[in-house]
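Asks: The structure's right below; bear with me while I get my questions together.
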Amino acid sequence: MNKEQFLQSFLEDNLFIEKGHLKEGEAQKFKWTDPRLNDLIEVLKLAIDGIMSTDSETITCRKINLHLNPKT
């Protein structure tokens, strides 16, 4: 399974439709490079990228924290 398929499998959860993050049927067409201004999807991408690149959990957590709490 590649990163895009992994992401799509998470996005197929009904919670993304219920909360308005995606429209129905959009998860199957979602591409890794699709630009989104959605922190939840970006955090999922960072976590998947960390798993696929065998980064340590600490490094992945730092990347997620930097995304969610950018320095100004």
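The rows are residues; the columns are (1) touching a residue at least 60 places away in the same chain (Cβ under 8 Å); (2) surrounded by 14 or more Cβ atoms within 10 Å (Cβ to Cβ); (3) touching a helix residue (DSSP H, G or I) at 6+ places or on another chain (Cβ under 9 Å).
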{"site": "Asn2", "(1), (2), (3)": "no, no, yes"}
{"site": "Leu11", "(1), (2), (3)": "no, yes, yes"}
{"site": "Phe16", "(1), (2), (3)": "no, yes, yes"}
{"site": "Glu24", "(1), (2), (3)": "no, no, yes"}
{"site": "Thr33", "(1), (2), (3)": "no, no, yes"}
{"site": "Ala47", "(1), (2), (3)": "no, yes, yes"}
{"site": "Ile51", "(1), (2), (3)": "no, no, yes"}
{"site": "Asn65", "(1), (2), (3)": "no, no, no"}
{"site": "Leu68", "(1), (2), (3)": "no, no, yes"}
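Asks: When region 7-45 is examined, which residues are found to be under 20 Å from Asn65 (Cα atoms) and assigned to a helix (DSSP H, G or I)?
Replies: Leu7, Asp39, Leu40, Ile41, Glu42, Val43, Leu44, Lys45
Coordinate-derived values only; no laboratory data. From a predicted model like this one, the values you see are computed outputs, not experimental measurements. All Cβ positions, glycine included, derive from the backbone under ideal geometry; neighbour counts span all protein chains shown.
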